[in-house]
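Okay, so here's the structure we're looking at.
The values are calculated or read from the model by the stated rules, or taken from the named source; none is laboratory data. Keep in mind it's a predicted model, so treat the numbers as computed, not measured. Backbone-built Cβ (ideal geometry, glycine too); neighbour counts: all protein chains shown.
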Amino acid sequence: MLRNGPGEINRDSLLARTDSRLKLVGALILILVLTALQQIMIILALDLFLIGIAFSLGRLTVKQYLSAFARILPFALIVILPLVFWVPGNVIGGISTPVGRLTLTQEGLIRSAIIGLRFWGAATIGITVISTTSWEKTLWALRRLGVPGLILEIIQFTGRYGTLLVEEMENLRRAQRNRGFVMGKNLWNRETVRAVGQVLGVLVIRSYDRAERVYRAMLARGYTGEIYLLEEKSLTVGQFGSAGLLLLFSLVMILFDRGLLL
């Protein structure tokens with residue numbers, strides 16, 4: 001049995017009370033719509049709409065949103081910024097660098113803007129879903145949507161015990177320092193390589209022993225590989241109606257983007 005609630009950030013919001021399966025399917029539909037849109041203004045309008053949903057229905061605060069967005073922004077910039085200079089087209093400027101001159105093109109700016117706006121929308125969707133859905137409910141919803149249980153078990157235990165392995169590694173390194181071990185000037189130092197190898201070896205053995213103990217304890221408590229919630233609710237008529245409205249909204253956005261409703 002898995003617990004309800006504690007993993008949620010905004011449990012009192014309307015989105016937090018919405019069925020997790022509906023939220024995941026809706027998030028996937030909106031992300032697909034974002035990838036299908038081509039016009040910058042329409043993508044921007046959808047992004048602003050998604051932010052409005054996050055703040056109103058998800059009850060996210062500005063601090064929560066900006067804090068989460070700042071963590072993933074650097075990864076997006078790594079992909080977006082080079083496109084400004086790499087996409088060929090009409091040159092509108094350039095930057096001189098030690099390795100040569102980087103040309104700024106109009107097509108590169110447009111492509112970067114489109115990808116950046118898509119990333120903004122997708123990130124907003126992800127932040128909203130994560131902030132209104134506990135980890136347990138997310139795994140439960142994925143299982144009910146047909147994701148193989150083995151994959152979910154790997155994800156679940158990786159998230160749960162990854163931090164424990166890091167703590168175990170820190171404990172082993174602390175024990176080495178208490179015994180007077182000092183790292184060499186570089187990683188290829190013989191003593192350093194030997195010490196790192198010893199730590200990794202002990203970590204593997206302890207991880208294996210921990211996995212065996214945890215698995216036997218779970219079997220003793222009736223674990224079968226399925227994910228359950230204390231309260232499993234069926235989808236309501238209103239939620240089915242919300243799903244239909246979402247599909248209609250997505251279709252309208254795509255038709256507007258293609259110029260078929262103008």
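Listing for the model above:
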read-out: Residues (of a type in the set (A, V, I, L, M, F, W, C) and in contact (Cβ under 8 Å) with a residue 60 or more places away in the chain) located in segment 45-85; value: 46, 50, 51, 53, 54, 60, 68
read-out: Residue match in segment 95-110 (condition: in the same structural domain as residue 18 (by TED's automatic domain parsing), under 21 Å from residue 128 (Cα atoms), surrounded by 15 or more Cβ atoms within 10 Å (Cβ to Cβ) and in contact with a helix residue (DSSP H, G or I) (Cβ under 6 Å, 6 or more places away or on another chain)); value: no
read-out: Extreme residue, farthest from residue 52 (Cα to Cα), among residues of segment 4-31 that are among the polar types (S, T, N, Q) and modelled with pLDDT of 80 or more; value: 20
read-out: Set 172, 165, 109: member being over 30 Å from residue 56 (Cα atoms), in contact with a strand residue (DSSP E or B) (Cβ under 9 Å, 6 or more places away or on another chain) and not basic (Lys, Arg); value: 109
read-out: Candidate set: segment 50-105, residues that are among the aliphatic types (A, V, I, L, M) and touching a strand residue (DSSP E or B) at 6+ places or on another chain (Cβ under 8 Å); chosen: the one nearest to residue 124 (Cα to Cα); value: 84
read-out: Any hit, segment 247-255, residues being modelled with pLDDT of 90 or more and β-branched (Val, Ile, Thr); value: yes
read-out: Options 196, 204; residue that is surrounded by 12 or more Cβ atoms within 10 Å (Cβ to Cβ), farther than 30 Å from residue 25 by Cβ and among the β-branched types (Val, Ile, Thr); value: 196
read-out: Residue check for residue 111: out of contact with any Asp or Glu (no Cβ under 9 Å at 6 or more places or on another chain), farther than 30 Å from residue 16 by Cβ and among the basic types (Lys, Arg); value: yes
read-out: Yes/no for residue 163 being surrounded by fewer than 18 Cβ atoms within 10 Å (Cβ to Cβ), without any contact (Cβ under 8 Å) to a residue 40 or more places away in the chain, in a helix (DSSP H, G or I) and under 16 Å from the mean Cα position of the chain (by Cα); value: no
read-out: Verdict on residue 244 being modelled with pLDDT of 80 or more and under 19 Å from residue 23 (Cα atoms); value: yes
read-out: Members of segment 54-79 found to be part of a helix (DSSP H, G or I) and buried (at least 18 other Cβ atoms within 10 Å of the Cβ), listed by number; value: 54, 65, 68
read-out: Odd one out for residue 127, checked against (1) in a helix (DSSP H, G or I); (2) free of Cβ contacts under 8 Å to residues at least 60 places away in the same chain; (3) among the β-branched types (Val, Ile, Thr); value: (2)
